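Readers should treat all values here as calculations from the given coordinates under stated rules, not as data from a laboratory. Everything numeric here is computed off the predicted structure, so don't read it as measured data. Positions of Cβ are generated from backbone atoms using ideal geometry, with glycine treated the same way; all protein chains shown enter the neighbour counts.
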Amino acid sequence: MIDNTGDNPWKRSQEQLKKIAKKTKLPELLLARLLEPDRTVLLSLPLELDSGEVRIFKGYRIQHNNILGPYKGGLRYHANVSMDEVRALSFWMTIKCAVVNVPFGGGKGGITVDPKALSEKELKALTYVFANRLAPVIGPEIDVPAPDVNTNGTIMGWLLEEYEKVTGKKSPAVITGKPVDQGGSEGRTEATGFGGGYVLENAIRKLGREGKQLTVAVQGFGNVGYFLAKYLFDHGFKVVAVSDSKEGIFVEEGLNPELTLECKRERGMLSGCYCIGSVCDLKGGKRITNEELLELDVDILVPAALENVINDINANKIRAKVVLEMANGTLTREADEILAKNKITVIPDILANSGGVCTSYFEWYQNMKVEHWTKEEVFDKLRKQMNQATEEVFDAQVEYKTGLRDAAYIVALKRIQKKWEEK
Ligand code: NAD
């Protein structure tokens, strides 16, 4: 979760916006619109627990902006979900969709709840109440939610069921991230990791670093970290370290992520899963902490787990030449400045992990047109879209003599401004 204590994410996102607006001379009226969400929905969600006790949960949907298209963004269930967090995330969705050039605006939502403390029956009932209250403000051409932290395809399936019940018509395009048999897209599971792989390959070429086998350390071995590691392994990179919430492993010769995942599933933990080639060589690697992983002397570091992991405490210890920011907000503002001073290239989250929302757009498009694309078609379209976005961000970096994060914001704001002026 974003740290809401010292570093308010909403204030941080507003500062970012004002800084870039100045650089691109954004019209004042458009800036005023982007500084606040179009609509803020606060929902009261009463639920009778299995014990008979009645509790009221708070639900949110923030529709930040729809200049480019319907509001788009995930729904997260977490005890720390707050209005400021959801607002900031909805703003970042506006920017992310614009960077990767999909015709969506930005939205985000969630419920302040610890889903692990609820039974499945309670979770389903809470999701039905949420969908019922959301129904009047969402729709395939209005606002299209998706899964986020602690929500998944099953929960999206429940939301869809209730939405269709309330509206009385079939509307698979109202939600993305659905299971494939309920209208989900092929390739969505791999999309964020693979999309990051496409961006990295392209960036490496632009930075003139291709040619030798580059070493990679990946923090977070979940959906994003695993598929990114697998893509890079399959495309000639040497993945020397991976970690989960408990521990990390380091294998100097390079590990095989697919075997490491299988091994972790069998053992229930990463330690000892030093899977080199097709065998697990217990002498071939060592256990490291998550902190040690971040400070490894590798070519590429990939934070793919949590926010704010690179901060003013460890930024000066980062030795990688390139940081591919796969989780959202992994660098604090101070860390961003320190890494820039140390000449470390940071490929920002709003570009690096936008393969997820790009494929969500593909899902929505297939639903709207009643089409079903193969995995190969999805990956082919995704690669083209990610390559185009990477080109534009690198071009803006040169034109505006700035870092890649600011360059990505510039690309996004220019696209939004163009559409806004056409309307
Ligand atoms: P996930 O739950 O599948 O995996 C998260 C991984 O991080 C797990 O391996 C977990 O063990 C590890 N982890 C948790 N706490 C940790 C800690 N303290 N230190 C090190 N590792 C820790 O989640 P995911 O879908 O892979 O998402 C990862 C990040 O990427 C999240 O921040 C998410 O918001 C962001 N993201 C995901 C997508 C997507 O399509 N899944 C898209 C954009 C952004």
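How much of the DSSP bridge set in the range 242-350 is antiparallel, in percent, rounded to the nearest 5?
Here the antiparallel bridges make up roughly 55 percent for the range 242-350.
Any idea what the dipole of the range 1-77 comes to, in debye rounded to 20, about its Cα centre with Lys/Arg Cβ at +1 and Asp/Glu Cβ at -1?
600 debye
Each label point is 7 Å from the Cα along the Cα-to-Cβ direction; what then is the distance between the points at residue 418 and residue 384, in nm?
Between residue 418 and residue 384, the label points sit 1.7 nm apart.
Would you mind checking the range 311-332 for residues with the amide N under 19 Å from a putative spin-label position 7 Å along Cα→C-beta of residue 341?
311-323, 331-332
Counting pairs on different chains as well as pairs 8 or more places apart, how many Lys pairs in the range 1-152 have Cα atoms under 16 Å apart?
Lysine pair count for the range 1-152: 7.
For the chain, give the magnitude of the charge dipole about the Cα centre (Cβ charges: +1 Lys/Arg, -1 Asp/Glu; no others), in debye to the nearest 20.
The calculation lands at about 1000 debye.
When the dipole is taken about the Cα centre of the range 285-406, and only Lys, Arg (+1) and Asp, Glu (-1) are charged at their Cβ, what size is it in debye, to the nearest 20?
240 debye
Return, ordered by residue number, the residues of the range 353-382 whose backbone nitrogen is under 17 Å from a label point located 7 Å along Cα→Cβ of residue 170.
Taking a point 7 Å out along Cα→Cβ of residue 170, the residues of the range 353-382 whose backbone N falls under 17 Å are 364-373.
Under 10 Å, Cα contacts only: if you run a Gaussian network model on the chain, which one of 391, 337, 53 comes out with the highest mean-square fluctuation?
Result: 53 has the largest fluctuation of those listed.
Suppose we keep just the DSSP beta bridges with both residues in the chain; what percent of those would be antiparallel, to 5?
50 percent
Given the options 230, 317, 283, which has the most mean-square fluctuation in a GNM of the chain, springs set between C-alpha atoms less than 10 angstrom apart?
Between 230, 317, 283, it is 283 that shows the largest mean-square fluctuation.
Given a 10 angstrom Cα cut-off, can you work out which residue in 265, 61, 383 is the most mobile in a GNM of the chain?
Result: 265 has the largest fluctuation of those listed.
Could you derive backbone 3J(HN,Hα) for the range 102-115 from the dihedral phi with the Karplus parameters 6.51, -1.76 and 1.60 (θ = phi - 60°), listing whole Hz in sequence and x where the residue is Gly or Pro?
10, x, 10, x, x, x, 6, x, x, 10, 7, 7, 8, x
Run the quick spin-label model on residue 252 and residue 132: label points 7 Å from Cα toward the beta carbon, then report their separation in nm to one decimal.
6.3 nm
What full-extension length gain, to one decimal in nm, is calculated for residue 374 and residue 317 as 0.36 nm per residue of separation minus the Cα-Cα distance?
16.2 nm is the gain from fully extending residue 374 to residue 317.
Considering only the range 4-145, what is the antiparallel percent among its DSSP beta bridges, to the nearest 5?
Antiparallel bridges make up about 70 percent of those DSSP assigns within the range 4-145.
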